[in-house]
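Written out below as structure tokens is the structure these notes cover.
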Amino acid sequence: MKTYGVIMAGGGGTRFWPLSRHEVPKQLLNLSGKDKMINETIDRVSTIADKKDIFVVTNVDQVPGMKDATSGRLREDHILSEPSARNTAACIGYAALEIVKKYGDGIMCIFPSDHFIKDEKAFTRILKEAISVAESGSLVTLGITPTFPSTGYGYIKFDKSETTLDKKVVEFKEKPDEKTAKEYVDSGEYSWNSGMFVWQASVILDEFKKLLPDVYECLEKIGDALGNADEKAVIDEVYPTIPSISIDYGIMEKSDKVRVISAEMGWNDVGSWDNMGVLYDADSDGNITAGDFLGIDTKNCITYSKKRLISTIGVEDLIIVETDDAIMVIDKNRAQDVKKIVDTLKEQGRDELL
């Protein structure tokens, strides 16, 4: 059975402001100093699916930037445009229909566009195992073996008594507090929820029909138009009406077909500035630097500059980011609050900074 790669790339990446903007979000940035995150993801996925069989689903406003960024790597007609953001269920259902209607059924391997994988050989090996399980009709989610009691990730509880690599999912858990996270890790029966999935396209569409009939009804209208002259018009009309719901809540938490494979692959969700330590080594004072930086009596700071020198004296635990039109300085412990800056700029109508 043919294997397809599907990369979800419609997010705004607001926690990486001021570098990430609406039309140039995190997945179109080169945070690692090697390549744009979307291209690193495409190259990683190409170890299990031919590049001609890889699709990207993104926001309509990001399509021009996505085409430019992936030129030579991805077919332009495999960049699927969402007229509006309707969460991951709509995104995945749209991609499943595109594949089944235009190219034939196969195994879909679904990934976020902005994760970092250190051990790519382990990634490929685990994906091949997941594809084998999915061929039997299961919905496979890739879990990450926890390395510490994180409060920033969701968790997947699995049946620890099963001896196979893939295990039955017992339940999904939201981000826990520190005490609960420690209990999860100590029990040995939880994985971090990575947001990576593997399943047969026709199987997931059947689950949509059974578990999310209101979403499926909208998808069916789009499916009937795919390949026809009115395809774009129908998508533009119907897509914004699709109920907004995540694939986790809408299907994964309800289906009896879900299996999880828990693995170690050096995975990290590079979700905000305080995760830059995944991409760059810290110096002897714990500072992580991208760009020109001079620190005197400076410890545990993260700095990113595009053109100008960032210099500091006597500070600790700060994130400092310099771009062409903005400078941001925040407490490193409040990295998740960057979105508040974006929300405030929206309220003030300062769209030129978004």
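The values are calculated or read from the model by the stated rules, or taken from the named source; none is laboratory data. The shown structure was predicted, so the numbers you read here are calculated from the model rather than taken from an experiment. Methodologically, a virtual Cβ is constructed for each residue, glycine included, from the backbone with ideal geometry; neighbour enumeration extends over all protein chains shown.
Considering only residues that are hydrophobic (A, V, I, L, M, F, W, C) and either touching a His at 6+ places or on another chain (Cβ under 9 Å) or assigned to a helix (DSSP H, G or I) (or both), look in the stretch 98-110 and name the one that is surrounded by the most Cβ atoms within 10 Å (Cβ to Cβ).
Among those that are hydrophobic (A, V, I, L, M, F, W, C) and either touching a His at 6+ places or on another chain (Cβ under 9 Å) or assigned to a helix (DSSP H, G or I) (or both), it is 99.
Of everything listed in (1) within 26 Å of residue 41 (Cβ to Cβ); (2) exposed (fewer than 13 other Cβ atoms within 10 Å of the Cβ), the single unmet condition for residue 186 is (1).
Taken as a whole, the condition of being assigned to a helix (DSSP H, G or I) and modelled with pLDDT of 95 or more does not apply to residue 49.
Applying the condition of being of a type outside the set (Ser, Thr, Tyr) and free of Cβ contacts under 8 Å to residues at least 12 places away in the same chain to the stretch 110-136 and asking which residue is nearest to residue 29 (Cα to Cα) yields 121.
In the stretch 89-111, what residues are of a type in the set (Phe, Trp, Tyr) and within 20 Å of the chain's Cα centre (by Cα)?
Those that are of a type in the set (Phe, Trp, Tyr) and within 20 Å of the chain's Cα centre (by Cα): 94, 111.
Every test in (1) under 18 Å from residue 25 (Cβ atoms); (2) modelled with pLDDT under 95 is passed by residue 337 save one, and that test is (1). Quick check on this structure: which one of 110, 54, 38 is under 23 Å from residue 321 (Cα atoms) and at pLDDT 95 or above? Result: 38 is the single residue among 110, 54, 38 that is under 23 Å from residue 321 (Cα atoms) and at pLDDT 95 or above.
Scanning the stretch 113-167 for residues that are aromatic (Phe, Trp, Tyr) and over 18 Å from the mean Cα position of the chain (by Cα) turns up 148, 158.
Taking (1) in the same structural domain as residue 153 (by TED's automatic domain parsing); (2) at pLDDT 95 or above; (3) among the acidic types (Asp, Glu) in turn, residue 297 satisfies each apart from (1). Kindly indicate whether any position in the stretch 268-286 is touching a residue at least 60 places away in the same chain (Cβ under 8 Å), within 30 Å of residue 138 (Cβ to Cβ) and out of contact with any strand residue (DSSP E or B) (no Cβ under 7 Å at 6 or more places or on another chain). Taking every residue of the stretch 268-286 in turn, at least one turns out to be touching a residue at least 60 places away in the same chain (Cβ under 8 Å), within 30 Å of residue 138 (Cβ to Cβ) and out of contact with any strand residue (DSSP E or B) (no Cβ under 7 Å at 6 or more places or on another chain).
A Cβ distance below 7 Å, combined with a sequence gap of six or more or placement on separate chains, defines the contacts here; from the stretch 153-180, residues that are assigned by TED's automatic domain parsing to the domain that holds residue 257 reach residues that are surrounded by fewer than 16 Cβ atoms within 10 Å (Cβ to Cβ) and among the aliphatic types (A, V, I, L, M) in the pairs 157/170; 158/170; 159/170.
Per-residue answers, yes or no, for (1) among the small types (Gly, Ala, Ser); (2) free of Cβ contacts under 8 Å to residues at least 24 places away in the same chain:
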| residue | (1), (2) |
| --- | --- |
| 237 | no, yes |
| 245 | no, no |
| 261 | no, no |
| 266 | yes, no |
| 315 | no, yes |
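Looking at this structure, is residue 248 under 21 Å from residue 113 (Cβ atoms), in the same structural domain as residue 198 (by TED's automatic domain parsing) and part of a helix (DSSP H, G or I)? Considered against the rule, which asks whether it is under 21 Å from residue 113 (Cβ atoms), in the same structural domain as residue 198 (by TED's automatic domain parsing) and part of a helix (DSSP H, G or I), residue 248 comes out as yes. In summary, residue 41 fulfils each of the numbered conditions (1) out of contact with any helix residue (DSSP H, G or I) (no Cβ under 7 Å at 6 or more places or on another chain); (2) over 13 Å from residue 70 (Cβ atoms); (3) among the β-branched types (Val, Ile, Thr) with the single exception of condition (2). Within the stretch 15-40, the set of residues being surrounded by fewer than 20 Cβ atoms within 10 Å (Cβ to Cβ) and among the hydroxyl-bearing types (Ser, Thr, Tyr) comprises 32 only. Based on what the data block shows, is residue 217 within 24 Å of residue 141 (Cα to Cα) and of a type in the set (Asp, Glu)? In short, no.
The set of residues in the stretch 56-97 being touching a residue at least 40 places away in the same chain (Cβ under 8 Å), buried (at least 23 other Cβ atoms within 10 Å of the Cβ) and over 27 Å from residue 215 (Cβ atoms) consists of 69 alone.
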